[in-house]
1. Taking the stretch 148-186, which residues are closer than 17 Å to Trp39 by Cβ and aromatic (Phe, Trp, Tyr)?
2. Out of the stretch 158-175, which residues are closer than 18 Å to Ser40 by Cα, in a helix (DSSP H, G or I) and among the hydroxyl-bearing types (Ser, Thr, Tyr)?
3. Name the one entry in Thr8, Thr78 that is part of a loop (DSSP other than H, G, I, E, B) and either exposed (fewer than 15 other Cβ atoms within 10 Å of the Cβ) or at pLDDT 90 or above (or both).
4. Determine the pairs where a residue that is in the same structural domain as Ile137 (by TED's automatic domain parsing) and small (Gly, Ala, Ser), located within the stretch 182-198, has a partner that is at pLDDT below 85 and loosely packed, with under 15 Cβ neighbours inside 10 Å with Cβ atoms under 9 Å apart, the partner being 6 or more residues away or on another chain.
5. Out of curiosity, is Gln57 of a type outside the set (A, V, I, L, M, F, W, C) and at pLDDT below 85?
6. What's the total number of residues in the stretch 162-175 that are within 15 Å of the chain's Cα centre (by Cα) and surrounded by fewer than 18 Cβ atoms within 10 Å (Cβ to Cβ)?
7. From the list Ser178, Ser183, exactly one residue is among the hydroxyl-bearing types (Ser, Thr, Tyr), assigned to a helix (DSSP H, G or I), at pLDDT 70 or above and buried (at least 16 other Cβ atoms within 10 Å of the Cβ). Which is it?
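The values are calculated or read from the model by the stated rules, or taken from the named source; none is laboratory data. Note that the coordinates shown come from a computational prediction; the quantities given were computed from them, not determined experimentally. Quick reminder, even Gly has a Cβ in these numbers, built from the backbone with ideal geometry, and neighbours come from all protein chains shown.
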Amino acid sequence: MPQPATQTTPDESQAITWALQGRAEGWEILHARHYNGLWSAVYPIVRDEHLAEDVIQEAFIKAYRQIHHFKGHSKFSTWLYRIAVNQAYDTLRKLSRRNKWLGLFPLQDEDDGPAHEAIDPHTGADDAQRADLRQIIGDALDSLNPEQRSVVELRLIQGFSTEETAKILGCKKGTVLSRLFYSCQKLKKRMGEHYGKL
């Protein structure tokens, strides 16, 4: 579950330097700075709060063990997000194999509710309408496969560039653009079913 923002801390380059030196405060700063963004990138893939938390924890452990491989050729966030996204897909593959053998099929119970529900700070007469819109958007996002959701989340919601999204997902820029195009077409169609021609 996303955590509240922290107070002012040293800049990211200082935190990375500390992390490279093995200083815990560097990792604490990086964790606080990137946790919510990682949550937003990982949760649409695994679609389970507990799994998302586990994936993020594993991603930070891997980053800690592999920090000496970070050379600064890309942004730290790009490097870290790629670790987290890869960990999310690895987790899904492991669950899929385990569930196949155990005869279990769903990764998420139907009773878990909408995966993309956000807190709406507005109150008033149109709250029900906003809730309906959130439900429609959540349903539309749920219609995407994990690869498509990842691209939409990273590129459109998180605001990463196409190149950064490609690095995080470990694919070519053309693949990102293609997935984004088809995802947007699918979302437009699903949203159009509720609102007429968009």
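1. Once the filter is applied, which keeps residues that are closer than 17 Å to Trp39 by Cβ and aromatic (Phe, Trp, Tyr), the stretch 148-186 yields only Phe160.
2. Matches in the stretch 158-175: Thr162, Thr165.
3. Numbers: Thr78 fails: part of a loop (DSSP other than H, G, I, E, B).
Only one candidate passes the filter, namely Thr8.
4. Listed pairs, sorted by first residue: Ser183/Leu156; Gly192/Leu198.
5. Details: of a type outside the set (A, V, I, L, M, F, W, C): yes; at pLDDT below 85: no.
No.
6. Total meeting the criteria: 1.
7. Sole residue among the options that is among the hydroxyl-bearing types (Ser, Thr, Tyr), assigned to a helix (DSSP H, G or I), at pLDDT 70 or above and buried (at least 16 other Cβ atoms within 10 Å of the Cβ): Ser183.
Rundown of residues vs (1) of a type in the set (D, E, K, R); (2) surrounded by 14 or more Cβ atoms within 10 Å (Cβ to Cβ); (3) assigned to a helix (DSSP H, G or I), yes/no style:
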residue: Trp18; (1), (2), (3): no, yes, yes
residue: Gly22; (1), (2), (3): no, no, no
residue: Trp27; (1), (2), (3): no, yes, yes
residue: Arg33; (1), (2), (3): yes, yes, yes
residue: Pro44; (1), (2), (3): no, yes, yes
residue: Phe60; (1), (2), (3): no, yes, yes
residue: Ile67; (1), (2), (3): no, yes, yes
